[in-house]
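J.: Submitted below is the structure of interest, expressed as structure tokens.
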Amino acid sequence: MNAEARLRPEHAVAGRTAPASAALAGALILGVVAAYSPKTALEALLALALVVVAVWRLDLAVAVFVVLTFPEHLPGAFGEGVTLAKPVGAVIALAWLAIVASRRGAVPILPRDCPALFWAAVGFLALGTTSVLWATGGSETIYVLGRLAQVALLAVIAYTAAGTRSGFRTILWGYLAGSAITSLYSIATGAYGQNGRLGTLFDPNYFAAILVPAICVALFFAVGEGDRRSRTIAAGVALVDLAAFVLTQSRGGLVGLGVGLAAAVVLAGRARPRVLALVLVLVAGGLGYYAVAAPAHVLSGSSSGRAGEWRVAIRMFEHHPVGGVGLGNFTVVEPSYATETVDLNRVGLIVNQPHRTHNTYLEVLAELGVPGLLLFLAVIYTATRAALGGLARLTLAEDPLELPARGLIAGAIGLFSAYIFISATWEKQLWLIFGLLGAVAVLVRERDEPESS
């Protein structure tokens, strides 16, 4: 066909009507599906909308994913949270691949920009993969490897999506939105479990831990120099999250929050007077609550079986100091240690209902030995070091993102501390935080670009 033919009006009309015809066909298909299964049609429509959003704004899609992953179980007709999070994550991963392939060199890529963090994570995954050779439960190792691969990919995608000023801010606000929505829903519906602890949608200890970064980031947004509406919303998020945090009655979370708030004061920089004032108010309120109104079991010295599991983890390490018992195999091997001379205060939890270690670092040490723990700590160290380096450059540039970055680092330190009391090796929020910490290092490159609305 020659150029003149291509410019004929009938071809131009056909070109304009093709998208409309496709949209009409799609609407008809959705209508037929909706007649038989409204839920399936709604999920298909949401998936289609997410594809469009992910290609248009990867950071916005990641923020939506973050909101969906806060509750372990979604309320209402959607059922288990994982059934919605997995397809959403798959869509985001495909969109990320398309963006990286089409804009090669123009977007932040973790292996290129932050190789130390990337290769530490790869080394950790590689060691976990190798451990299938000596693990007692190979199927457990393969299952955990699948979980780890997914969350490691999330860290890589989050790094790319948060590597711009607007992307970093959008994902942080997504984290705050997820924490506040889940907290509000749980408080409003009276979702309380054993001992009156806020729960049902989530494990109280895990939820308390992931609230720590949200509270720290919200505090720094609240004391920032942005518009009044943003500061007011951030303050509201902090109050809602603090209320939910108290209701979880998590002692490990309390330790994490204490460490996070102390880190916030140390890292506050030019905002230290305001941050210190807020932290002192929170400390005073917390001391008053725990002295007068806190349930007795929160203040008791009971470890709920953690001490026994920690002793078993240490004994596993003593028997397998180099390779460990295999990734994901703590609960597989744990019952065999009940017959050994280990001081166990709750043997039933070890034999009849094997639990995870309730300590992320001891679990890695027991399952992958000293090399595994060193690699995991290397991931934490390189991510934090990258963030601190980026923070120094943001401070010199007097960048407005300096304060949110400070809140993120303080919250991450609190999260790492809270994970001393729970096993969280493959938790989504942990690896999301790794990606966000790494992204702080490249934000200063974007400071002269115009902000997106």
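J.: Note down the accessible area of Thr331, probe 1.4 Å, to the nearest 10 Å².
T.: 40
J.: Roughly how many Å² of Phe202 are accessible to a 1.4 Å probe, to the nearest 10?
T.: Probe radius 1.4 Å; accessible area of Phe202 about 10 Å².
J.: While we're looking at this one, here's another question. Which whole-Hz couplings ³J(HN,Hα) result when phi for each residue of segment 279-291 is put into the Karplus expression 6.51 cos²θ - 1.76 cosθ + 1.60, θ = phi - 60°, listed in order with x for Gly and Pro?
T.: Karplus-based 3J(HN,Hα) across segment 279-291 equals 5, 5, 5, 5, 5, 4, x, x, 4, x, 5, 6, 7 Hz.
J.: Assigning unit charges at the beta carbon (Lys, Arg +1; Asp, Glu -1) and nothing else, what dipole magnitude in debye, to the nearest 20, does segment 117-269 show about its Cα centre?
T.: Roughly 260 debye for segment 117-269.
J.: While we're here: To the nearest 20 debye, what charge dipole does segment 184-284 have about its Cα centre, counting +1 at the Cβ of each Lys and Arg and -1 at the Cβ of each Asp and Glu?
T.: Here the size comes out at about 260 debye.
J.: Would you rank Lys428, Lys86 by solvent-accessible area, highest first, keeping every protein chain in place and using a 1.4 Å probe?
T.: Ranking Lys428, Lys86 by accessible area, largest first, yields Lys86, Lys428.
J.: When you count, for each residue, the other Cβ atoms within 10 Å and take the mean per peptide, how do 165-171, 268-274, 383-389 rank with the highest first?
T.: Those peptides, ordered most packed to least, come out 165-171, 383-389, 268-274.
J.: Roughly speaking, what % of Cα-Cα pairs in segment 100-194 are separated by over 23 Å, rounded to a whole number?
T.: 51
J.: Cα atoms only, segment 196-238: Rg and Dmax in Å?
T.: 13.0, 39
J.: Moving to a separate point now. Can you tell me the dipole magnitude for segment 89-207 around its Cα centre, using point charges on the Cβ only (Lys, Arg +1; Asp, Glu -1), in Debye to the nearest 20?
T.: 400
J.: A follow-up question, please. Using the Karplus curve 6.51 cos²θ - 1.76 cosθ + 1.60 with θ = phi - 60°, work out ³J(HN,Hα) for each residue of segment 97-112 in order, rounded to whole Hz, and write x for Gly and Pro.
T.: 4, 5, 5, 5, 5, 7, 10, 3, x, 9, 10, x, 10, 4, x, 7
J.: Could you sort Glu427, Glu402, Glu318, Glu225 by their accessible area in this structure, using a 1.4 Å probe and putting the largest first?
T.: Highest to lowest solvent-accessible surface, that is Glu225, Glu318, Glu427, Glu402.
The values are calculated or read from the model by the stated rules, or taken from the named source; none is laboratory data. From a predicted model like this one, the values you see are computed outputs, not experimental measurements. Positions of Cβ are generated from backbone atoms using ideal geometry, with glycine treated the same way; all protein chains shown enter the neighbour counts. When the accessible area is computed, the model is the full protein with side chains, heavy atoms only, and any ligands, DNA or RNA have been set aside. Shrake-Rupley method; radii C 1.70, N 1.55, O 1.52, S 1.80 Å.
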